[in-house]
Amino acid sequence: MPSRTVVVTESVSSDVKIMNRGIVDIFPLALATVPWGILCGSLAITVGLTPLQAQLMSLLIFAGAAQLAALTIMGSVGSLSAMFSSTFVISSRHLLYSAVFREHVRKSPLGLRCTIAFFLTDEMFAVTCAYMEKHKSFSAVYALSSGITFYLIWNISTFAGIVAGQYIPNLEHLGLEFAIAATFIAIVIPSIKNRSTLVSVVSSGLSAIILSIFLEEYALIVATFIGMFCGYLTNDNQQNKEKSNE
């Protein structure tokens with residue numbers, strides 16, 4: 001009995017350490033999106049949502065880019081179909097994220113899988129992948145602690161934007177959207193560790209810029225596949241060269 005108690009205590013202690021690590025790792029990225037959350041909250045008020053509706057948008061949807069796109073379309077009195085298609089395309093990158101996590105969580109209970117899926121964001125995915133690369137294993141405790149931390153800060157930021165949006169006019173014109181680009185740059189740059197990743201990042205970035213002129217609605221998803229394809233080809237050529245050198 002004492003030995004079992006020791007094992008349980010060590011397991012709990014290990015989980016607490018992993019949880020703290022997840023909170024610490026996600027915190028800088030979460031703080032970087034505070035202006036983004038404020039922008040979402042204030043814009044929701046500007047387009048006519050009530051404070052409750054604006055807060056529920058962050059509580060239930062929890063997808064910054066999709067929220068901004070939806071609010072922009074609502075503000076310009078766009079159609080419901082345009083809103084759904086735009087948010088679908090923007091959020092489609094999560095299909096790739098979930099594919100990466102699939103093998104690690106497919107044997108987990110449905111409730112745990114659904115919870116991880118809800119808290120899965122770009123930021124949570126980035127820090128969890130870094131954790132997996134370092135420790136060679138997936139930790140649901142780490143993923144959830146980082147995801148929940150980000151969720152709390154995002155909703156606090158949205159609440160601040162809702163309050164500010166009711167008292168500060170034209171808050172959305174203060175340039176807060178810079179946080180969107182800054183956050184994604186902070187996520188992408190550390191992951192560039194080899195030539196194939198660099199090629200993937202550059203090709204997808206250039207493709208997104210060029211395609212946004214001709215295929216505005218589908219530029220992001222097409223650029224994603226172009227980047228993946230270029231990265232795959234470069235990685236394949238690099239492996240072939242390494243084999244030939246051997």
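Here are some notes:
- Among (1) in the same structural domain as residue 14 (by TED's automatic domain parsing); (2) modelled with pLDDT of 70 or more, the one test that residue 169 misses: (2)
- Looking only at segment 57-89, residues that are open to solvent by less than 70 Å² (accessible area, probe 1.4 Å) and either within 20 Å of residue 158 (Cα to Cα) or outside the structural domain of residue 147 (by TED's automatic domain parsing) (or both) come to 17 in all.
- Filter pass, residue 203 being of a type in the set (S, T, N, Q) and modelled with pLDDT of 70 or more: yes
- Contact annotation: residue pairs with Cβ atoms under 9 Å, 6 or more positions apart or on different chains, pairing a residue in segment 132-146 that is in the same structural domain as residue 122 (by TED's automatic domain parsing) and over 11 Å from residue 15 (Cβ atoms) with a partner that is open to solvent by less than 60 Å² (accessible area, probe 1.4 Å) and polar (S, T, N, Q), are 132/139; 138/128; 143/128; 146/128.
- Remark: pairs (first residue in segment 195-211, open to solvent by 70 Å² or more (accessible area, probe 1.4 Å); second residue assigned to a helix (DSSP H, G or I) and among the polar types (S, T, N, Q); Cβ separation under 7 Å; 6+ apart in sequence or on different chains) = 195/234; 195/238.
- The residue of segment 90-99 that is farthest from residue 47 (Cα to Cα), among those that are touching a residue at least 24 places away in the same chain (Cβ under 8 Å) and surrounded by 14 or more Cβ atoms within 10 Å (Cβ to Cβ), is 97.
- Within the option set 149, 128, 115, being among the β-branched types (Val, Ile, Thr), assigned by TED's automatic domain parsing to the domain that holds residue 21 and closer than 20 Å to residue 37 by Cα holds for one residue only, 149.
- Test result for residue 245, more than 20 Å from the chain's Cα centre (by Cα) and either among the aliphatic types (A, V, I, L, M) or at pLDDT 65 or above (or both): no
- Of the candidates 68, 49, 43, 112, the single residue that is on the phi < 0 side of the Ramachandran plot and assigned to a loop (DSSP other than H, G, I, E, B) is 49.
The values are calculated or read from the model by the stated rules, or taken from the named source; none is laboratory data. What you see is a predicted model, and the numbers here were worked out from it, not measured in a lab. So basically every Cβ, Gly included, is an ideal-geometry build from the backbone, and we count neighbours across all protein chains shown. What goes into the accessible areas is simple: the full protein's heavy atoms, side chains included, and nothing from ligands, DNA or RNA. Shrake-Rupley method; radii C 1.70, N 1.55, O 1.52, S 1.80 Å.
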